[in-house]
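The block underneath contains the structure these notes are about, expressed in structure tokens.
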Amino acid sequence: TLLVLKQLLAPAKKHAASPSLPWPRGLPLIGNLHQLGALPQDSLAVLATRHAAPLMLLRLGSVPTLVVSSPDAARALFQHNDRALSGRPALYAAVRLSYGLQNISFAPTEGTFWRAARRACLSELLGAPRVRGFRNAREDAAAALVAAVADASGAGAPVDLSELLIATSNRIVTRVAFGGRDDGGLEASAVLKETQSLLGAFWVADYVPWLGWIDVLRGLRGRLERNFHQLDAFYERVIDSHLNKRTSSSTGEEEEDLVDVLLRLHADPAQGGTFGSRDRIKGILTDMFIAGTDTSAATVEWTMTELVNHPDVLAKAQHEVRSVVGDGSDMVREPDLRGLEYLKLVIKESMRLHPPVPLLVPRETIEPCTVQGCEVPAGTRVLVNAKAIGAHPGAWGPDAALFVPERHSEVDAGKDFRPWVDDSFALVPFGIGRRSCPGVHFATAVVELVLANLLFSFDWSAPLGEAVDTDEVNGLTVHRKNPLVLLAKRRYVPASK
Ligand code: HEM
């Protein structure tokens, strides 16, 4: 027994097939799974530091997994292997909810579908002109948020900002996707909440496929089937109502919503059948909802957390927004955002310390590749620890753990403000390379406008003047564990209309 125990507890060992990549020893059957705590991004960062292994191979269940934990390691791996790293593992819930991998997030890169769908998505759904076209949706939602905060804080009561931010994000994505018509948005948000929870859940089948029956016993598969059918019924109704609208009343002048765009592409022979089935339209709608709502809300939630804990930064950002917008205006509008350079640095710093998707979306090698002289076989799962990368002292200095937006101004000085294009691989909240987030324009527009309005309209503080905790809870997106409850003092009374 002692011998077995000694072997199990032995430190990192070089794996025979990959001599120079450390492979911390795991347990029979589960491999290194037991070393992932409630917050895998933190456990993996500790493991990488303990074994001095910014690139390390683990076995999670039966799945060989390469974990990337520093900017240099990310560069070494991705710079020459972007194609090889462009696969996604076929995770159990993702396969079902994407109609058999027929969406952008989970489709394989091989074949033509993913490439064509992503290209069309970038030009038609999420590109800068389309995002600009949704300005009204964002400004209306920001105004509604300010009104809701004013309402909730009327008698000096603390406000649950977390709840209001999720509602704001939902409101924007629902309006953008369905055009604000009542297609059962409220019912949909309950269904989509369950979808998010299922996609973020731990599925035994994803780590030890032959033990997948345990997910049946845990009731997960039943929940997945129910959720899939509810979501599907909802999408069918939305698509039908859009088709009816087109044939009955369309003047061709209304702003297209995302369902309109998808239906247009569906009917367009030039698309070569990329959007040829309803399942693909529904799969892509799930992309927009799942990737687009929680992430933006979490970004604003974490930024407000850090701002309240750093009153000097809060004051500086607030001063900027109030001077750029001026007293004559009742709210921040989109053209004002161009002048808010400091706010952009604040958001960047917040996403460095709190990337909403800290391990990105898992990748899988579609062919063997080489890093630091070692071969990574095809079919290896790859986790990029964006949180560990963002906190890496080698890249960010000894004060890497501190919230200091000014650290970005040197890097950004004198160049066009393109916050997420960075050759250093030191800041990767939107991912890396060909599978990086295509929603970055969409997300940035939402986050900047919502934050700017919160700062413009209210003075913020923590109840009793205490620091706000930064505890995280894991899921598809990492949120605060406890709701962000703050005091909001109305600073500005809007001019009567
Ligand atoms: C602050 C907000 C957001 C963050 C932090 C975020 C982050 C990410 C990350 C980390 C990935 C995986 C990248 C990789 O594998 O390298 C991703 C992929 C993706 N995101 Fe976002 N995202 C955000 C907002 C959005 C929005 C608003 C949309 C659309 C409305 C969107 C759509 C997508 C899609 C479709 C993919 C899959 C891309 C592919 O596999 O080719 N995201 N996002």
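Just so it is clear, none of the values below were taken in a lab; they were calculated from the coordinates. This one's a predicted model, so the numbers in the text were calculated from it and none came from an experiment. Backbone-built Cβ (ideal geometry, glycine too); neighbour counts: all protein chains shown.
Some points to look at:
- Put a plus charge on the Cβ of each Lys and Arg, a minus charge on the Cβ of each Asp and Glu, and nothing anywhere else: the dipole of region 282-360 about its Cα centre is then about 200 debye.
- Cross-link partners of residue 316 among aspartates and glutamates, defined as those whose alpha carbon lies under 12 angstrom from its own and excluding same-chain residues fewer than eight positions apart: 341, 406.
- Spin-label model distance (nm) - residue 271 vs residue 193, 7 Å beyond Cα toward Cβ: 3.2
- Estimated from helical segments only, the mean residue ellipticity of the chain at 222 nm is -14500 deg cm²/dmol, where each DSSP H run of four or more residues counts as -39500 (n - 2.57).
- In terms of surrounding Cβ atoms within a 10 Å radius of their Cβ, 65, 370, 444, 168 rank from fewest to most as 370, 444, 65, 168.
- Working ranking of peptides 235-243, 465-473 by packing, defined as the average number of other Cβ atoms within 10 Å per residue, highest first, is 235-243, 465-473.
- Taking 0.36 nm per residue of separation and subtracting the Cα-Cα distance, full extension of the segment from residue 34 to residue 116 would add 25.6 nm.
- Nonlocal amide H pairs with residue 479, under 5 Å, H built at 1.01 Å: 473
- Computed about the Cα centre, the dipole magnitude for the chain is approximately 1340 debye when only Lys and Arg (+1) and Asp and Glu (-1) carry charge, each at its Cβ.
- Dividing the Cα radius of gyration of the chain by 2.2 N^0.38 Å, with N the residue count, gives 1.00.
- 31 Å Cα-Cα threshold exceeded, pairs from 282/344; 245/348; 282/489; 193/348; 387/489; 245/481: 282/344; 245/348; 282/489; 387/489; 245/481
- Using θ = phi - 60° in the Karplus curve 6.51 cos²θ - 1.76 cosθ + 1.60, the 3J(HN,Hα) couplings for region 388-405 round to 5, 5, x, 10, 6, x, x, 8, 10, x, x, 9, 4, 7, 8, 8, 9, x Hz; x is entered for Gly and Pro.
- Kirkwood hydrodynamic radius (C-alpha pairs) into Stokes-Einstein, region 186-225, 25 °C and 0.890 mPa s, D in µm²/s: 227
- Full extension of the chain segment joining residue 378 with residue 464 gains 25.5 nm, where the gain is 0.36 nm per residue of separation less the Cα-Cα distance.
- Near the amide H of residue 31, within less than 5 Å, lie the amide hydrogens of 61, all on another chain or at least 5 residues away, with H placed in the peptide plane.
- A viscosity of 1.306 mPa s and a temperature of 10 °C, combined with the Kirkwood radius over Cα pairs in Stokes-Einstein, give a translational diffusion coefficient for region 18-135 of 93 µm²/s.
- Per-residue Cβ neighbour counts within 10 Å put 42, 257 in the sequence 42, 257, beginning with the fewest.
- Neighbour cut-off at most 12 other Cβ (10 Å), DSSP loop, chymotrypsin sites (Phe, Trp or Tyr not before Pro), region 122-203: none
- Dipole axis of the chain (+1 Lys, Arg; -1 Asp, Glu on Cβ), positive-most option in 429, 308, 28: 28
- Close amide H pairs (under 5 Å, H built 1.01 Å from N) link residue 58 with 65, 66, 67, residues at least 5 positions away or on another chain.
- Dividing the radius of gyration of the alpha carbons in region 84-180 by their Kirkwood radius gives 1.14 for Rg/Rh.
- Positive end of the dipole of the chain (Cβ unit charges, origin at the Cα centre): among 65, 116, 358, the Cα lying farthest that way belongs to 65.
- Across region 23-32, computed HN-Hα scalar couplings (Karplus, 6.51 cos²θ - 1.76 cosθ + 1.60, θ = phi - 60°) run 9, x, 4, x, 9, x, 6, 8, x, 9 Hz from first to last residue, x flagging Gly and Pro.
- Each of 201, 153, 128 was scored by the projection of its Cα onto the charge dipole of the chain, and the greatest displacement toward the positive side belongs to 201; charges sit on the C-beta of Lys, Arg, Asp and Glu.
- When each of 435, 278 is scored by the number of other beta-carbon atoms lying within 10 Å, the sequence from fewest to most is 278, 435.
- At most 15 other Cβ within 10 Å, DSSP loop - trypsin sites (Lys or Arg not before Pro), region 77-177: 83
- The spacing between region 306-356 and region 69-131, judged by their C-alpha centroids, is 31 Å.
- From phi via Karplus (6.51, -1.76, 1.60), per-residue ³J(HN,Hα) for region 436-449 in Hz, x at Gly/Pro: 5, 5, x, x, 5, 5, 4, 5, 4, 4, 5, 4, 5, 5
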